[in-house]
Amino acid sequence: MVTKTFTLKELYTEDESIWIFENVKLIREGKIDEVDWANIAEELELIGKSQFREVYSRMKELIFHLLKWKYQKDFRSNSWKYSIRNQRGDLQEIFNDSKNLKNYAFQNFERVYSDARKLTSDETGLERNIFPISSPFTLEEIMKEEFFPE
């Protein structure tokens with residue numbers, strides 16, 4: 001049986017897991033000139049973008065449920081409370097690990113709110129103008145464990 005030998009750059013497209021381990025091995029051995037730096041840079045950029053998307057998505061889901069909680073009092077459920085606590089807890093873990101991601105949350109709060117506002121209107125059937133154009137909550141409030149708007 002003949003097995004093909006791949007260059008590090010070819011390995012990136014053939015088997016990403018092995019590519020990662022090979023690069024880690026080279027770095028640890030100090031063989032810096034042999035490392036596939038171009039693809040490592042691309043992967044690091046993708047990881048960073050993925051982390052930002054996760055924060056954005058979790059914040060949007062949290063605000064979505066908080067808006068439903070505030071504007072649909074008769075429909076409040078344990079499921080909504082669970083979603084609020086779950087997203088809040090996961091975001092807190094992320095923020096504890098990364099000051100940059102917490103800063104990103106502060107900088108993008110109104111944009112996330114705007115998207116959550118649209119989605120809440122779509123799901124609830126409530127007119128979008130029922131929800132304030134600017135968020136009725138702050139990031140600090142929504143991250144408080146016991147915050148459930150009235």
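Of Ile133, Ile142, all but one fail to be among the aliphatic types (A, V, I, L, M) and free of Cβ contacts under 8 Å to residues at least 24 places away in the same chain; the exception is Ile133.
Filtering the range 96-113 to residues that are buried (at least 17 other Cβ atoms within 10 Å of the Cβ) and either touching a His at 6+ places or on another chain (Cβ under 6 Å) or free of Cβ contacts under 8 Å to residues at least 40 places away in the same chain (or both) leaves only Lys102.
Bear in mind that the values in this text are calculations on the coordinates, not laboratory data. Source: prediction; values computed, not measured. For neighbour counting, all protein chains shown are included, and Cβ atoms are generated from backbone atoms with ideal geometry for every residue, glycine included.
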